[in-house]
1. Provide the per-residue ³J(HN,Hα) series for region 16-25, in order, calculated from phi with Karplus coefficients 6.51, -1.76, 1.60 and θ = phi - 60°, each as a whole number of Hz, with x at glycine and proline positions.
2. A 30 angstrom limit on the alpha carbon distance is what I want to check against. Which of LYS16/LYS48; LYS16/LYS66; LYS18/LYS63; LYS18/LYS55; LYS16/LYS55; LYS16/LYS63 exceed it?
3. Mind giving me the nanometre distance, one decimal, between the label points for GLU54 and LEU37, set 7 Å out from Cα along Cα→Cβ?
4. Between the DSSP loop rule and a limit of at most 10 other Cβ atoms within 10 Å, which GluC sites (Glu not before Pro) in region 10-72 are left?
5. Rg to Rh ratio, region 11-70, alpha-carbon atoms and Kirkwood radius?
6. Using only Cα atoms, tell me the angle between helix 54-70 and the longest principal axis of the chain; keep it within 0 to 90° and round to the nearest 10.
Amino acid sequence: MPHNMTVTVEDLLWEKMKMHNEIRWSAVMKEAAVEKLKALEVLEKFSKKTHLSEKDIEEFAVKLGKKVTSRK
């Protein structure tokens, strides 16, 4: 069963989004949520198999996220 969710964005972001009305922003938000959940699942599996502290895992996640977003 589908559920609705309200997302609040800042004015500047909203103005930029309105310039691209050909994009289904709800689909973009949905895909972002799916990708974030996949990353969280990986981190949860990783955290169960390691002796690193939660802080170490969080720092690793940030570094990994930066590398993933900068790849081409």
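1. Going residue by residue, I get 5, 5, 5, 6, 10, 6, 6, 8, 7, 5 Hz, with x marking Gly and Pro.
2. LYS16/LYS48; LYS18/LYS63; LYS18/LYS55; LYS16/LYS55
3. Each label point lies 7 Å from its Cα, and together they span 2.3 nm.
4. When the GluC sites (Glu not before Pro) of region 10-72 are filtered for loop state and at most 10 Cβ neighbours within 10 Å, GLU10, GLU22 remain.
5. On the Cα set of region 11-70, Rg over Rh gives 1.15.
6. Helix 54-70 and the main axis of the chain meet at about 50 degrees.
Read-outs: derived from the displayed coordinates by stated rules, not from any lab. These numbers were taken from a predicted model, which means no experiment stands behind them. We place every Cβ from the backbone using ideal geometry, glycine too, and count neighbours over all the protein chains shown.
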